[in-house]
1. Go through the range 125-142 and report how many residues are open to solvent by less than 80 Å² (accessible area, probe 1.4 Å) and out of contact with any helix residue (DSSP H, G or I) (no Cβ under 6 Å at 6 or more places or on another chain).
2. Give Lys160, Lys167 a once-over and let me know the one that is part of a helix (DSSP H, G or I), out of contact with any Gly (no Cβ under 8 Å at 6 or more places or on another chain) and basic (Lys, Arg).
3. If we only count helices (runs of 4 or more DSSP H) wholly inside the range 1-110, which ones have 1 or more residues that are surrounded by 15 or more Cβ atoms within 10 Å (Cβ to Cβ) and under 10 Å from the mean Cα position of the chain (by Cα)?
4. Which one is surrounded by the most Cβ atoms within 10 Å (Cβ to Cβ) among residues in the range 151-169 that are of a type in the set (Lys, Arg) and farther than 19 Å from His19 by Cα?
5. What are the residues in the range 127-150 that are more than 20 Å from Cys20 (Cβ to Cβ) and hydrophobic (A, V, I, L, M, F, W, C), if any?
6. Only one of Tyr94, Tyr75 is hydroxyl-bearing (Ser, Thr, Tyr) and closer than 29 Å to Glu159 by Cβ; which?
7. Give Glu171, Glu159 a once-over and let me know the one that is without any contact (Cβ under 8 Å) to a residue 60 or more places away in the chain and among the acidic types (Asp, Glu).
8. For the range 138-157, give me each residue that is in a helix (DSSP H, G or I) and not basic (Lys, Arg).
Amino acid sequence: MSELELLKKYVKDEKLIKHCLATAAVMRGIARELGEDENLWWRIGILHDIDYELVGEDMEKHGEVGAEILRKEGYGEIADVVARHNHMRHGMNYEEPVEVALQAADSVSGLIIACALVKGGKITEVTPKTVKKKFKEKSFAAGCDRDRIRLIEKLMPLEKLYEVGIKSLQEIKDDLDLS
């Protein structure tokens with residue numbers, strides 16, 4: 001079973017599936033930039049919210065339930081990262097590059113997609129300058145946590161993240177229903 005099939009076994013909401021795909025794409029792009037394992041980071045990105053629908057509003061369980069599922073399904077190598085990604089439960093003190101990247105990718109993917117939607121769904125028209133401008137507008141894509149995005153500065157400049165994120169999302173634009 002592919003990671004996407006596994007995700008769809010537990011997640012039915014199309015928007016959440018697209019969010020996981022977007023996070024995975026950005027994770028792969030960051031891994032490429034840092035010389036890390038692109039496939040491993042992609043798997044973490046696509047499966048990071050595998051338990052989201054199961055736990056509902058219970059953020060005390062989010063991540064932990066996902067880790068249990070992943071261990072059961074044979075993805076134990078990524079279970080700990082998924083368990084710790086819930087910043088509401090674990091705080092923001094991430095140091096491992098893969099954990100820092102997941103925090104940033106999880107939020108910046110939504111910010112970049114929101115920028116594309118403002119441009120009629122054209123991800124090809126989004127630039128790092130666009131994202132930088134919208135990043136400063138706290139009311140724009142308010143659910144995209146700027147503090148989580150800023151964590152990436154431990155690994156690369158924000159502008160580089162925007163560049164990597166845009167390119168990564170352009171690579172899967174059809175899967176995200178963008179142009």
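1. The total comes to 4.
2. Lys160
3. In the range 1-110, the matching helices (runs of 4 or more DSSP H) lie at 14-34, 38-47.
4. Checked the range 151-169; the qualifying residue surrounded by the most Cβ atoms within 10 Å (Cβ to Cβ) is Lys160.
5. The answer is Val131, Phe135, Phe140, Ala142.
6. On inspection, the qualifying residue turns out to be Tyr94.
7. Going through Glu171, Glu159 in turn, the sole match is Glu159.
8. Matches in the range 138-157: Asp147, Ile149, Leu151, Ile152, Glu153.
The values are calculated or read from the model by the stated rules, or taken from the named source; none is laboratory data. All values derive from a computational prediction rather than experimental measurement. Quick reminder, even Gly has a Cβ in these numbers, built from the backbone with ideal geometry, and neighbours come from all protein chains shown. What goes into the accessible areas is simple: the full protein's heavy atoms, side chains included, and nothing from ligands, DNA or RNA. Shrake-Rupley method; radii C 1.70, N 1.55, O 1.52, S 1.80 Å.
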